[in-house]
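Peer 1: Mind looking over this structure? Questions follow.
What follows draws every value from the coordinates through simple rules; no lab data is involved. Because the structure is predicted, anything quoted here is derived from the model rather than measured. Note: ideal-geometry Cβ built from the backbone for every residue, glycine included; neighbour counts use all protein chains shown.
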Amino acid sequence: MGNTVTGSIVTYNNMSTIKKTLETLFDETDDVDFKLYVVDNGSVDGTPEFIEENYPNVTVIRSEKNVGFGAGHNIVIKNLDSRYHAIINPDIVLKENAIKKMAQYMDENPQIGLLSPRICFPDGRDQIL
């Protein structure tokens, strides 16, 4: 078995948000067996170069064209051997050790197959779609 938790982010010209996302993601997973993959859908704003230069522990997969959100994540998912996998948007801020708490909850409740964290607007209000 590989990492306990893997995560994937699909990017397309997300330079304006990706730094904050990666900072909080790694701050919030420093005590988790975690591996991150970023699929870049042909960004021209320097996103993949920034990640490769500043986050050598991230595996960047470059797509020649914008294959979309789902297809981008599927590139990663089909090759995983982790216990859990997180689909992560490129503009999120993690808080309260969410990845670790979710993995622990899944360990304690094996009948659950899919779990979503609480998603909030920056002002703390629940983001309900």
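Peer 1: Taking loop as defined by DSSP and a crowding limit of 15 other beta carbons within 10 Å, which trypsin sites (Lys or Arg not before Pro) in the stretch 3-101 fit? It would help to have the intermediate numbers written out before the result.
Peer 2: Values: sites: Lys19, Lys20, Lys35, Arg62, Lys65, Lys78, Arg83, Lys95, Lys100, Lys101; in loops: Lys65, Lys78, Arg83, Lys95.
When the trypsin sites (Lys or Arg not before Pro) of the stretch 3-101 are filtered for loop state and at most 15 Cβ neighbours within 10 Å, Lys65, Lys78, Arg83, Lys95 remain.
Peer 1: Measure out, as a whole number of angstrom, how far apart the alpha-carbon centroids of the stretch 50-75 and the stretch 96-113 sit.
Peer 2: 26
Peer 1: For n ≥ 4 DSSP H runs only, could you compute -39500 (n - 2.57) per run for the chain, divide by its residues and tell me the 222 nm figure to the nearest 500? Please list the in-between numbers first.
Peer 2: Values: 4 runs with 41 residues, N = 129.
Calculated from helices alone, the mean residue ellipticity at 222 nm is -9500 deg cm²/dmol.
Peer 1: Further question: Write out the GluC sites (Glu not before Pro) in the stretch 27-129 meeting two conditions: DSSP loop, and at most 16 other Cβ atoms within 10 Å of their Cβ.
Peer 2: Numbers: sites: Glu28, Glu49, Glu52, Glu53, Glu64, Glu96, Glu108; in loops: Glu28, Glu64, Glu96.
When the GluC sites (Glu not before Pro) of the stretch 27-129 are filtered for loop state and at most 16 Cβ neighbours within 10 Å, Glu64, Glu96 remain.
Peer 1: When the chain is modelled as a GNM with alpha-carbon springs shorter than 10 Å, which of Gly72, Gly42, Gly113 fluctuates the most?
Peer 2: Highest fluctuation among the options: Gly113.
Peer 1: On to the next question. Given points 7 Å out from each Cα along the Cα-Cβ axis, report the Asp123 to Asp31 separation in nanometres with one decimal.
Peer 2: Once both label points are built, they end up 3.3 nm from each other.
Peer 1: Still on this model: Pulled fully out, how much extra length does the chain show between Leu80 and Asn54, if you take 0.36 nm times their separation in residues and subtract their Cα-Cα distance? The partial results should precede the final answer.
Peer 2: Details: separation 26, 0.36 × 26 = 9.36 nm, distance 2.38 nm.
Gain on extension, Leu80 to Asn54, equals 7.0 nm.
Peer 1: So which lysines pass the test for Lys78, namely a Cα distance under 25 Å, with those fewer than 8 places away in the same chain ruled out?
Peer 2: Lys35, Lys65, Lys100, Lys101
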